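Contents: one structure, followed by commentary.
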Amino acid sequence: MKLKNKKTAMLLASCLAISNVLSVSAANETEVNKKKTELESQIEDKEQQVSSLQQQKDNVLSAIKKLDEKYAKAQENLDTLTGQIEDKNAEIEKNSAELEKAKEKEAIQYEDMKKRIQYLYEAGNISMISVILGADDFAEALSRTENFRQLTSYDRKQLEKYKKTCKKIENLEKDLKKEKSDLEEYKQSAEEEKSNIETSISKKQEEITKFEAGIDTAVMEQSDLEGELAIQNEILKQMKEEVQSAGGQESSSPSNESTNSDANKTEQPESKPEVKPEEKPNTQPETKPEEKPDNSQSENSGSPQFTWPCPSSHNVTSPFGDRNSPTAGASSNHKGIDIGASSGSPIVAAAAGTVTVSTYSESAGNYVTIDHGNGFYTVYMHASARYVKVGQKVSAGQQIAAVGSTGYSTGPHLHFGVMKNGVYVNPMNYL
């Protein structure tokens with residue numbers, strides 16, 4: 001009877017413990033599901049942000065394409081104007097040469113005329129009357145009169161002719177210079193248009209750079225969120241397994257009781273040495289050894305002590321929290337600490353646990369995630385090499401990777417993150 005009461009008490013205690021586990025698991029599962037929903041919403045927002053930035057980038061690229069076409073036309077127009085100016089310069093040079101020749105002929109004609117006038121002057125004051133009276137007869141007088149008239153008329157006509165030629169050439173040169181001046185103004189306007197287009201293209205390129213940086217940042221943040229979501233899914237999976245395990249124990253307990261009861265009824269003298277009482281102490285450590293240390297950590301302000309993950313260096317180059325983004329694509333909300341170290345330096349597990357992620361991503365590079373139980377995970381990013389696989393058990397201080405500069409990184413370092421119940425916390429509080 002005492003043995004039966006003892007077993008009943010043990011059964012009730014077991015049921016109570018399982019009930020507590022189930023209620024705690026249900027509460028934690030609700031919290032994880034809530035966090036998971038938030039992460040999924042944030043990921044969707046990031047996807048929309050990336051899509052919007054990409055659309056804006058495409059619009060700017062389209063504008064740049066149109067500007068390039070406009071620039072090509074402006075350059076073509078500029079080349080045409082330059083060619084026309086060169087042609088005008090050639091015409092002006094040719095016209096200037098013709099003008100010089102005309103002026104030379106004018107000067108020669110003028111000199112010849114002056115000589116004839118001088119001769120007439122030196123020969124005396126020759127008048128038309130003296131020319132007539134000096135003739136032997138009337139016919140000669142007429143001839144002399146005509147010759148004198150023709151001589152002076154020829155000089156006047158030649159002089160007028162060369163003056164007109166010079167004037168014509170001067171006017172032509174003036175017109176050519178005016179055309180050249182107009183072309184130079186057009187050329188200056190075309191050069192200004194070309195310069196304005198170059199400035200517009202440069203500004204558009206700056207916009208492209210900003211959009212690309214924004215896209216890189218959003219993609220990296222999206223990648224981080226997806227990493228967190230993967231961890232939340234892993235936590236949820238483990239919780240469900242724990243609940244299923246606890247439910248299995250609860251369903252098996254009544255059968256144990258009925259078996260023990262039947263044994264008491266049939267063979268009470270042999271019930272004391274029965275094997276089953278010895279099996280319970282053996283089965284309990286298989287289901288609870290991980291819970292006890294984890295529960296003690298949780299009760300101890302939730303502060304497990306982790307081993308420093310980079311033995312070769314304690315140089316924290318970027319602390320946990322807000323910061324200025326060190327490179328394009330890097331987050332300004334730092335969810336861990338950066339430890340500067342030489343490339344290839346060992347990265348060790350901060351505590352014993354199971355590897356849940358060992359892969360490469362664009363933002364984190366080579367990275368590893370370890371589940372330490374009780375909702376605690378550690379993350380190791382930017383490694384040059386990974387030495388563990390998913391599902392592998394590791395011990396505290398065991399080398400899991402090597403320091404590198406993969407992903408969004410400005411130099412060799414370890415990004416070390418600590419996650420508690422799906423939320424990143426300051427690693428320095430646990431080291």
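The values are calculated or read from the model by the stated rules, or taken from the named source; none is laboratory data. Note that the structure is a prediction, hence the values are computed from the model and not measured. Counting neighbours? That spans all protein chains shown, and the Cβs are built from the backbone with ideal geometry, glycine included.
The residues on offer are Y430, Y408, and the sole one that is modelled with pLDDT under 95 and under 31 Å from the mean Cα position of the chain (by Cα) is Y408. Residues of segment 93-109 that are under 11 Å from I169 (Cβ atoms) and aliphatic (A, V, I, L, M): A97, L99, A102. Scan segment 382-431 for residues that are of a type in the set (F, W, Y), buried (at least 18 other Cβ atoms within 10 Å of the Cβ) and either closer than 17 Å to V348 by Cα or not assigned by TED's automatic domain parsing to the domain that holds G321 (or both) and the total you get is 2. In the set E160, E192, E185, E173, only one residue is surrounded by fewer than 13 Cβ atoms within 10 Å (Cβ to Cβ) and modelled with pLDDT under 80; that residue is E160. Of the residues making up segment 374-402, those that are outside any strand (DSSP E or B) and either polar (S, T, N, Q) or under 25 Å from the mean Cα position of the chain (by Cα) (or both) are N374, S384, Q392, S395, Q398. Of all residue pairs spaced 6 or more apart or on separate chains, those with beta-carbon atoms under 6 Å, a first member in segment 165-194 that is assigned by TED's automatic domain parsing to the domain that holds A107 and within 30 Å of E106 (Cβ to Cβ) and a second member that is among the β-branched types (V, I, T) and modelled with pLDDT under 85 are L176/I92. The C-beta contact set for segment 214-229 (first residue under 21 Å from G375 (Cα atoms) and in contact (Cβ under 8 Å) with a residue 40 or more places away in the chain, second residue buried (at least 20 other Cβ atoms within 10 Å of the Cβ) and not small (G, A, S), distance under 6 angstrom, 6+ apart or interchain) comprises L225/L39; E228/L39; L229/L39. Say whether the condition of being farther than 30 Å from Q55 by Cα, modelled with pLDDT of 70 or more, loosely packed, with under 13 Cβ neighbours inside 10 Å and not aromatic (F, W, Y) is met by at least one residue in segment 204-221. There is no residue in segment 204-221 that is farther than 30 Å from Q55 by Cα, modelled with pLDDT of 70 or more, loosely packed, with under 13 Cβ neighbours inside 10 Å and not aromatic (F, W, Y). Criterion applied to K65, K115 was being assigned to a helix (DSSP H, G or I), at pLDDT below 80 and not hydroxyl-bearing (S, T, Y), and the one residue passing it is K115. If you filter segment 308-330 down to residues that are loosely packed, with under 14 Cβ neighbours inside 10 Å and modelled with pLDDT under 90, you find that the one that is farthest from K210 (Cα to Cα) is G321. Would a scan of segment 337-354 turn up a residue that is outside any strand (DSSP E or B) and modelled with pLDDT under 90? No - not one qualifying residue is present in segment 337-354.
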